[in-house]
Every structure is written in C-alpha cells, then in structure tokens.
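Laboratory data are not the source of any read-out in this text; all were calculated from the coordinates shown. Quick caveat, the model's predicted, so the values are computed rather than measured. Every residue, glycine among them, receives a Cβ derived from its backbone with ideal geometry; neighbour counts consider all protein chains shown.
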Amino acid sequence: MHSNLPIGSVRSRLPHVKGSIFSALSRVAKQYDAINLSQGFPDFAPDPRLLESLATAANSGHNQYGMPEGSEALRRSIARMYEDLYSLRISADAEITITAGATQAISAAVSGLVHPGEEVIFLAPAFESYAPSILMAGATPVCVDLPAPRFEVDWEEVERRVSPHTRMIIVNSPHNPSGRCWNSNDVDRLATLAERHNLLVLSDEVYHNMVFDGPHITALSEPRLRERTIVVGSLGKTMHVTGWRIGYAAAAAPLTAELRKILQFTTYAAPTPLQQAMAQVLDASTYLSLPALFRGKRDRFLAGLRGSRFESVPTSGGYFQLLDYSAISTVPDTQFADLLISEHGVAGLPVSGFGTQYANSRLLRFCFAKSDETIDKATNLLRAL
Ligand code: GLN
C-alpha cells in the first residue's frame with residue numbers, strides 16, 4: 001500500500017497535532033508587543049557565575065562531543081542535589097542521564113520503554129508533549145480528565161482506565177498548568193496502582209525546586225516506585241536558562257540503559273560547554289533559594305491582582321498562576337487570550353492548550369517567573385479589565 005504513494009507524498013505520523021501552543025502564543029505576544037506571561041520562562045538574568053563559566057568552558061576547549069549519558073561532573077551535581085533535598089541516593093553513573101531539555105527526556109523515556117500497541121495513561125490538563133511522545137512510540141494515549149479548576153486526581157477513575165495493555169502512567173507534580181502539588185496520599189495511591197498493574201511511572205517534576213507551600217515529594221522517594229519510575233527534571237528551570245535546553249532523567253539502571261539507547265541516536269549528547277558551565281555552578285545555594293524566590297513572585301502577582309475581576313485558583317508550586325475570568329467574559333479561553341493580547345497587552349495561556357476539553361473552563365495560565373517590574377506592569381493591566 002505504501003509503495004503506491006507518489007514519491008514525496010506525506011503521510012503524517014501526527015496528523016492531529018498542531019504547532020506548539022507555547023511558540024504560537026509567544027509569537028503573537030511579540031507581534032503585539034504584549035507582556036508575555038504565556039510561555040513559562042524567566043525574564044530575569046541567571047547567576048552571573050553561570051555565564052562566566054560558560055565563557056570559560058567555551059574558551060578553554062570544551063567544545064567537542066561529550067558522552068551520550070552527559071557530563072560526569074553535572075551528573076554528580078544532580079545526584080548531590082537529590083541527596084541534599086530528599087536524602088536520596090541516586091547513582092550518577094548508572095541512574096542519571098543528561099538530555100537536551102526535559103521534553104527530550106520525556107520522549108526518550110516513552111519511546112525507550114513503551115512498545116507499539118501498548119497504552120499510556122496521562123492526566124489532563126497535561127503538558128503538550130505527552131500525547132505526541134506516546135503516539136511517536138506507536139502506543140495509545142489514554143487521557144484521564146481532571147476536574148477544573150483544582151484538578152485533583154480521582155484515583156478510582158484512573159484505575160478504571162487501566163487495561164491489560166497499559167504499560168506506563170505519566171504524572172506531573174508540581175502540576176503544569178495549575179501549580180497543584182501532590183500530597184503523600186497521591187503518591188501512595190500512585191504506588192498502589194503501579195504495583196497492582198505492574199506499570200512504569202514517568203514523573204515530570206521539572207518544577208520540583210519551586211514548591212513554596214510544603215516540601216516536594218519526588219516519586220523516587222517512595223520505595224514502591226523507586227525501581228519503576230523515571231523522574232524528569234529541568235536544569236533550564238532550576239538555573240533560569242530555559243533556552244539552554246538542558247534537562248535530565250533519573251531512573252533505576254535498567255530503565256536508564258534503555259533511555260540512553262534512544263538518546264544516543266537522537267542527539268547523541270547534550271551540548272558540552274553548557275553542561276560544563278552548569279556543573280561549575282549548580283550547588284545548594286542555587287536550589288535552596290528557589291522556593292522563597294518563587295513564593296515571593298507568586299505573592300507579588302496575587303497582591304497586584306487584589307481588587308481585580310480575575311479570580312485566582314490556589315497554587316502551591318511551579319511557575320504559574322491560573323486565573324478564572326468568568327466575571328469578565330463568557331467567551332472560550334483562546335478567544336479571551338487573543339483579546340487580552342490584542343486589546344490589553346498581556347499574554348496568558350489558554351488552559352485548552354493542555355486539553356481542548358477545557359476550552360470553556362474560563363481559565364488562563366500566567367507565568368509569574370518574571371522580574372518585579374514585569375509582574376507589576378502586567379498586574380496593573382489585568383486589574384483594569
Ligand atoms: N514548560 C513551559 C511551559 O509550560 C514551556 C515549555 C516549552 O515551551 N517547551 O510554558
């Protein structure tokens with residue numbers, strides 16, 4: 001059948017996938033010169049030592065291929081971070097792998113560990129790359145919708161969606177877009193489920209350093225999940241340089257071995273000087289300061305909105321604040337986001353970007369990982385609506 005196709009004709013592997021919502025919104029924000037709180041990235045400078053270390057790394061010859069598993073020094077720094085934060089021992093040699101961004105770690109984990117025909121459960125609203133990563137592995141995405149606006153997990157419903165074909169469940173805490181963080185009950189229920197049905201767990205914890213109301217619980221700290229979980233993290237987020245595209249995966253050695261096979265034939269290795277620079281600077285003073293920094297930014301954003309017609313949904317971690325605009329408008333979220341950009345000069349992200357079923361939830365996501373000045377300008381504009 002394929003041989004009858006004319007040469008050059010395209011049969012899409014992802015026919016229903018459109019362009020990234022993040023790049024689309026950032027493009028429109030730029031076009032209107034709006035304050036861009038849609039895509040999650042800081043607008044403040046990273047630690048100057050990081051930039052100096054990058055210059056030093058590049059100027060001192062760290063410019064050729066590294067090893068596919070990533071810089072040894074950086075893997076050791078990440079292992080130390082897990083020991084400092086969670087008293088967890090993770091082997092830098094066998095269990096930590098550096099990737100070109102957390103998105104790559106997610107896709108490598110799925111394609112390395114899930115077979116065509118198997119099913120992968122994920123919980124919506126969900127980061128946009130989960131479903132395409134599952135599809136690219138030839139597997140079937142099974143989406144469990146969480147109820148707006150708080151998005152608490154109904155574990156009974158999740159269990160009902162498990163089938164004999166289910167191989168993996170993708171979870172995310174702190175949750176993007178809501179900022180909800182898992183409690184010990186969530187982790188316990190996940191562990192029970194994963195054990196009962198012999199599932200792998202892909203735990204997207206890219207905002208683990210930005211939990212401001214209580215400690216972050218990493219899935220790797222639950223003994224029943226330790227051997228079956230791949231944790232994905234983002235040094236771009238931790239070190240305020242999302243454009244560097246450096247993330248990592250932490251998982252038991254047999255899982256890590258499969259993930260590394262995929263990585264070495266996709267990028268071969270993440271960029272050498274960037275890893276070198278991060279390894280010089282990533283220490284306790286970097287990550288221990290982050291919860292207070294981001295709590296302050298969330299509080300400033302919320303204080304700036306006092307008296308506005310937007311209603312905030314409680315958030316306890318991450319980069320983002322959900323705002324309900326029901327008191328202002330009844331239009332679907334993409335339409336409201338367009339209006340906000342073109343007429344009021346602020347870009348927020350429609351939650352339908354995380355699942356089209358949420359288009360009428362009247363929620364937009366705003367990134368508060370911004371300078372005080374940007375937060376104040378944006379909240380002044382939002383308060384006027
Ligand atoms: N994680 C960030 C967000 O949710 C951006 C990710 C991206 O643009 N690839 O906005």
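Summary of values
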quantity: Fraction of alpha-carbon pairs over 36 Å apart in the chain - percent; calculated: 23 percent
quantity: Residues VAL231, VAL10, sorted so that the one with the fewest Cβ neighbours within 10 Å comes first; calculated: VAL10, VAL231
quantity: Cα-based reach from LYS30 at 13 Å (exclusive), listing aspartates and glutamates while leaving out same-chain residues under 8 positions away; calculated: ASP338
quantity: Order of VAL114, VAL162 - criterion: other Cβ atoms within 10 Å of each residue's Cβ, fewest first; calculated: VAL162, VAL114
quantity: Span from the the stretch 162-198 Cα centroid across to the the stretch 57-95 one, whole angstrom; calculated: 27 Å
quantity: Contact order relative to length of the stretch 329-385, as percent, for alpha carbon pairs under 8 angstrom and 6 or more apart; calculated: 33 percent
quantity: All lysines inside 26 Å of LYS261 as judged from Cα atoms, apart from same-chain residues fewer than 8 positions distant; calculated: LYS237
quantity: For the chain, calculated [θ]222 nm from helices alone, where every DSSP H run of n ≥ 4 adds -39500 (n - 2.57); calculated: -11500 deg cm²/dmol
quantity: Computed Kirkwood radius, in angstrom, where 1/r is averaged over Cα pairs of the stretch 274-350; calculated: 15.1 Å
quantity: Taking TRP155, TRP182 and counting other C-beta atoms within 10 Å, the order from fewest to most; calculated: TRP155, TRP182
quantity: Estimated FRET transfer efficiency when R0 is 22 angstrom, pair SER326-ASP213 (beta carbons, to 0.05); calculated: 0.30
quantity: Estimated inter-spin distance, LEU14 and SER184, nm [label 7 Å along Cα→Cβ]; calculated: 4.0 nm
quantity: Extension gain, ASP299 back to PHE265 (0.36 nm per residue minus Cα-Cα distance, nm); calculated: 7.9 nm
quantity: Globularity index of the stretch 251-385, i.e. its alpha-carbon radius of gyration over 2.2 N^0.38 Å; calculated: 1.38
quantity: Cβ crowding within 10 Å averaged over residues, with 338-346, 101-109, 358-366 ranked highest first; calculated: 101-109, 358-366, 338-346
quantity: Eligible aspartates and glutamates near LYS18 by straight Cα distance, threshold 13 Å, same-chain separation 8 or greater; calculated: GLU128
quantity: Fraction of alpha-carbon pairs over 18 Å apart in the stretch 125-251 - percent; calculated: 55 percent
quantity: Directionally averaged projected area (convex hull, Cα atoms, the stretch 237-294), nm²; calculated: 5.1 nm²
quantity: R0 of 25 Å, Cβ-Cβ distance ARG160-GLN357: FRET efficiency to nearest 0.05; calculated: 0.90
quantity: The stretch 1-159 - charge dipole about Cα centre, Lys and Arg +1 at Cβ, Asp and Glu -1, debye rounded to 20; calculated: 760 debye
quantity: Global form of the stretch 317-385, assessed from the alpha-carbon gyration tensor, a/c cut-off 1.5; calculated: oblate
quantity: Two-site label geometry, GLU152 and ALA55: point separation in nm, points 7 Å out along Cα→Cβ; calculated: 5.2 nm
